[in-house]
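Here's the structure we're looking at; comments come further down.
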Amino acid sequence: MEKYIVSARKYRPITFSSVVGQNHITTTLKNAIKSNHLAQAFLFCGPRGVGKTTCARILAKTINCFNVDENIEPCNKCESCVSFIEGRSLNISELDAASNNSVDDIRALVDQVRFVPQIGKYKVFIIDEVHMLSNSAFNAFLKTLEEPPPHAIFILATTEKHKIIPTILSRCQIFDFNRIRVEDMANHLAEIAQKENITYENDGLHIIAQKADGALRDALSMFDQIVTFAGNHVSYKAVIENLNILDYDYYFKLTDDILQGNISASLILYNDILGHGFEGNFFINGLAFHLRNLLVSRDTATLQLLETSPNIKERYKNQAQLCSLTFLIKGIDICTKTEAAYKNSVNQRLLVELAIMQLCALQVPTPDGEKKKVELEPNPQYKTVANNTSTAAEPINNTLQNTNIAASGNMPNTAHSKPLETPNTHVETNQQPLPVTKEVIVNKVASSKPTLASIKRKINKEDTEEKVTVLQERNHPFTEEQLQQSWDSFALNMKNKGKSSLSHTLSCNKPQLIDNNIITYTIFNSVQENDLNTVLGELKMTLQNDLQNDTIQIKLIINKEDTEKKPYTNREKYIRMAQINPQIENLRKKLDLDV
């Protein structure tokens, strides 16, 4: 009975051209060999299963080959290549640093460096998992790594470059290996299947490549497992059953139910998924990735980001046309938040079901077939004046062109205003509505969706008439007593709001009324001025409403003389007190006090 060899060993690359997905590495190494620019030390770093140790062995074999071809590939026939293939070459030494990480192991390696190769030009030392060396071992290795003999070349391999000390990194040429692309991995699996006379489905090979997460060795191990399970036919169904992968069909069907807003069908499908033994976090993570794939499938420019087989890619492209951009973005956000909260949730199933219901709610249509839209209700403080012959909307301030309105921003007087109700119409304006003292007659609107129009002075008496108020300026006279009463009321309101300092500033003096309804108020410093400026507009509107006068203006006056005389600091206060009572200064001197 022939001994079985796993695919990862049987089909391990033996030439640079057979290395999968690392063209940038193999091209650089071949050019270095061709131009005789070989470094004294190489560091190969990258994820597991991407070909670091394989490339190190190919490099060691090639530089000692007697008959390197024009493509800079080893001949695999000369004495050096044959001895390497059979594992008896004395020119290549491999050390596993995971189990040989002490200073003594490195010293033994350094002792071997002194001996020249018996066959070939170079003696190559491959140290795998070099990050496992202890700090003492690294330090013992430094001098030899920096100044090795001309015949010695070191190739270090690691999956965790950040654990290697900088002094080692600075002495090596660093090569970063990439994760192998899904497409390259699937093609390599197809080549192996053809050599082994195994039939396959492209969808199944793509699933294996995706599950391997960029590691070709993992993909080959899974491939052997599937062949053992299903025989000489690698089907899509056999792959998802053996590797415990949730079928694409579940996500496509669930997305169709979500787009229809069918919560019942979505929850039943999720229950079926749980019945097959899949965890909720695994499902929600897969759903988020499915929505991501739909998002990149909406545009042909991003379709290349989809690492699936052509058949699955076409299904994604078709379903993506049914999904809006907003739905996909919000859906991914819901899934990622659910996945983050899954671990700490008490009722994990309910958490995932809630996420499914939220996704269904994103696409629920209204009875007229349109998506839900949140509309603002009309603000009753704003009026809409319309005419049944108008077709275009105009701002409210255009309807008040012939009225004499001050530009002082007045508060509305709801006691004199009556808004015209206009359903499904929302008027936005930056101006506050003004109180009303004049009435005008306009035509009643018969349409269910009225539009704004300018007020017409000509009235058709035969039509149904409705009274609509027009805003006009107020100019009622008032006394200083009424002014002081409104002023004190505003100061008390500020105190009730927790603005005691501002209330004190408003109460420290009395407002003075001069001609043309101009109010002056005396303050003593710029601090009080800044405080009052923050509420000056509110104070002005309060006075205008209380006194029924829209022409009121407020001017602040700073009394500079009082400002100069009034002490503020502790020293100034003490000097003022000493001037009033000189005995205070005598007391300070007797007690030897300082201010």
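Quick look at the values:
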| read-out | value |
| --- | --- |
| Long-range amide H partners of Ala152 with built H, under 5 Å | Lys123 |
| Above-threshold pairs, the threshold being 22 Å between Cα atoms, out of Lys163/Lys343; Lys34/Lys121; Lys253/Lys313 | Lys163/Lys343 |
| Sorted by Cβ neighbour density within 10 Å, fewest at the top, the residues Val227, Val182, Val6 | Val6, Val227, Val182 |
| Spin-label pair Asn530/Glu572, simplified geometry with 7 Å Cα→Cβ offset, distance in nm | 1.5 |
| Per residue convex hull volume, Cα atoms of region 106-243, in Å³ | 159 |
| Gap separating the Cα centres of region 108-141 and region 33-73, nearest whole Å | 17 |
| Peptides ranked, highest mean first, by Cβ atoms within 10 Å: ranges 119-129, 248-258 | 119-129, 248-258 |
| Phi-based couplings in Hz for region 68-80 (Karplus 6.51, -1.76, 1.60; Gly and Pro marked x) | 5, 7, 5, 8, 6, 10, x, 7, 6, 10, 6, 4, 5 |
| Kirkwood-type radius of region 480-558, with distances r between different C-alpha atoms, in Å | 12.6 |
| Kirkwood Rh (inverse of mean 1/r, distinct Cα pairs), region 231-333, angstrom | 14.6 |
| In sequence order, calculated HN-Hα J values of region 140-153 (Karplus, 6.51, -1.76, 1.60; Hz; x Gly/Pro) | 5, 8, 4, 4, 5, 5, 7, 10, x, x, x, 8, 9, 10 |
| Mean Cα-pair separation over length for region 7-176, i.e. relative contact order, pairs under 8 Å, 6 or more apart, % | 30 |
| Under-5 Å amide H pairs with Ile554, H placed in peptide plane, nonlocal only | Ile519 |
| In sequence order, calculated HN-Hα J values of region 579-595 (Karplus, 6.51, -1.76, 1.60; Hz; x Gly/Pro) | 5, 6, 10, x, 5, 5, 5, 5, 4, 4, 6, 5, 8, 6, 9, 10, 7 |
| For His131, His476, His162, His233, order by how many other beta-carbon atoms lie within 10 Å, fewest first | His162, His476, His233, His131 |
| For Ile126, distant residues with modelled amide H under 5 Å away | Ser93, Glu94, Leu95, Ile155 |
| Equivalent ellipsoid, region 182-242 (semi-axes from 5 times Cα gyration tensor eigenvalues, Å) | 15, 13, 10 |
| Residue exposure sequence - Glu473, Glu86 - by fewest surrounding Cβ within 10 Å | Glu86, Glu473 |
| Selection from Gln22, Ser99, Phe125 lying farthest towards where the dipole of region 7-176 points positive, charges on Cβ | Gln22 |
| Dipole magnitude (debye, nearest 20) for region 480-558, charges at Cβ of Lys, Arg, Asp, Glu | 280 |
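Computed from the coordinates by the stated procedures, all read-outs in this text should not be read as laboratory data. Please read all numbers here as calculations on a predicted model, not as lab measurements. Glycine gets a Cβ as well: all are built from the backbone with ideal geometry, and neighbour counts include every protein chain shown.
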